[in-house]
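Below is one structure, written out as structure tokens; the observations come after it.
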Amino acid sequence: MEKIYIDYGKRINSAILNVVREILKDLSKSKISSHHCFYITFKTKSKGIKIPSKFLKEYPDEMTIVLQNQYWNLKVEAKKFSVTLLFNKKKETLEVPFDSVVKFYDPFVKFSIQLELRKSKNSKRNINSKKPEKNKKSKEKIITLDDFRKK
């Protein structure tokens with residue numbers, strides 16, 4: 001009998017991305033308070049990304065978009081979302097697969113999700129379990145669930 005191994009990273013990733021998907025669905029239906037502001041960072045070279053080529057030059061690895069007051073045509077599907085945003089007074093439409101999302105942040109409630117891409121044996125996306133190197137200085141503050149737990 002063949003042994004089947006559980007890919008916890010894949011399952012956790014899927015659950016976390018489902019949270020982002022559901023939030024964006026609510027936002028597309030105007031079910032979210034206007035106080036919220038969403039920062040979404042994604043890998044610009046991921047399969048299925050559709051952004052203007054000028055952005056690939058400016059953001060060769062990652063790009064962060066902000067969904068707050070000025071966005072249009074937010075459409076959320078099972079595997080991707082699309083949105084029109086204003087860049088230098090010009091509307092541009094982006095299509096972003098959920099598999100390319102690496103960060104999601106809502107400063108209104110100080111909620112942050114950070115996913116990291118890592119190549120596994122199957123070349124599938126997993127959560128990176130390595131601890132960050134102490135020598136590298138991070139410009140961002142990563143908020144963990146421990147920040148919200150009562151001590």
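Distance check, please: which entries in Lys89/Lys110; Lys90/Lys110; Lys25/Lys89; Lys45/Lys80; Lys31/Lys89; Lys10/Lys31 exceed 24 angstrom between their Cα atoms?
Long pairs (Cα-Cα over 24 Å): Lys89/Lys110; Lys90/Lys110; Lys25/Lys89; Lys31/Lys89; Lys10/Lys31.
Could you calculate the contour length gain from Phe55 to Asn73, that is, 0.36 nm times the residue separation minus the distance between their Cα atoms, to one decimal place in nm?
4.5 nm
Using alpha carbons only, how many angstrom separate the centre of the stretch 77-91 from the centre of the stretch 1-59?
14 Å
Every number in this text was worked out from the coordinates using simple rules, so none of it is lab data. Computed from a predicted model, the values in this text were never measured in an experiment.
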